[in-house]
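Report on the following structure.
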């Protein structure tokens, strides 16, 4: 197990993320996974999906890894907004993920009937689904689970935060707390320790925040998503980071 090694010959790069990983309107060849795979001279399997929550990003990756030959494969993970949720939809027999803004902004033609129920009872759902502390705890769990899973499988990988950073929304633990509160998981020291794992690409923070300030970003080129020019630069930087580590992690 190590960071992706630029000197190693991989058969395939498997990437998982939200719409920031799909290439969006510009298509697969504008996705960061495709561009990075070209640099690694290997195939690409893109598990990114529009609106994916971090749960779906985790579940899609593990499902793929358990269902396919992983010999000579490496993995890239792009984490998304920490406040995205999911619920089970029996009509499509899978989890459906969404952010709070989608409840009112969703296209009426594709709007799940469940949204009306959620809105009619928003005070209830707001407390249990969009509670900042709960959202932080569950997303820390996802990062721990994916990191531990990939390490246990001996898979080389790299991760980065795509939309927002947990480092910006941490909550300092209260002095008096329940032993079951899991407050340490959302403290600044613990979250910083997660993000300092060498498998996390550390140079620029989350992609969206840096992209918005970059001269390479054209907000009209790809529906507000990473455009190819910025993606190529981002992948150059990730490749350079991996190359600087020579794939080795203590």
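Read-outs throughout are calculated quantities, based only on the coordinates presented, and are distinct from any laboratory measurement. These numbers were taken from a predicted model, which means no experiment stands behind them. We place every Cβ from the backbone using ideal geometry, glycine too, and count neighbours over all the protein chains shown.
See the values below:
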{"item": "Between the range 75-101 and the range 114-172, the Cα center-to-center distance that results, in Å", "result": "10"}
{"item": "Percentage relative contact order, the chain, counting C-alpha pairs under 8 Å, at least six apart", "result": "28"}
{"item": "Computed [θ] at 222 nm, deg cm²/dmol, the chain (DSSP H ≥ 4; -39,500 (n - 2.57); rounded to nearest 500)", "result": "-11500 deg cm²/dmol"}
{"item": "Cβ crowding within 10 Å averaged over residues, with 54-63, 41-50 ranked highest first", "result": "54-63, 41-50"}
{"item": "Overall dimensions of the range 1-69 as given by Cα atoms, namely Rg and Dmax in Å", "result": "12.2, 34"}
{"item": "Cβ crowding within 10 Å averaged over residues, with 29-38, 199-208 ranked highest first", "result": "29-38, 199-208"}
{"item": "Between the range 1-59 and the range 191-233, the alpha-carbon center distance in angstrom", "result": "14"}
{"item": "Gain upon complete extension [residue 67, residue 134; 0.36 nm per residue less C-alpha separation]", "result": "21.0 nm"}
{"item": "At R0 = 25 Å, FRET efficiency that the Cβ-Cβ distance of residue 123 and residue 168 yields, to 0.05", "result": "0.40"}
{"item": "Projected label distance in nm at residue 41 and residue 194, using a 7 Å step from Cα toward the beta-carbon", "result": "3.7"}
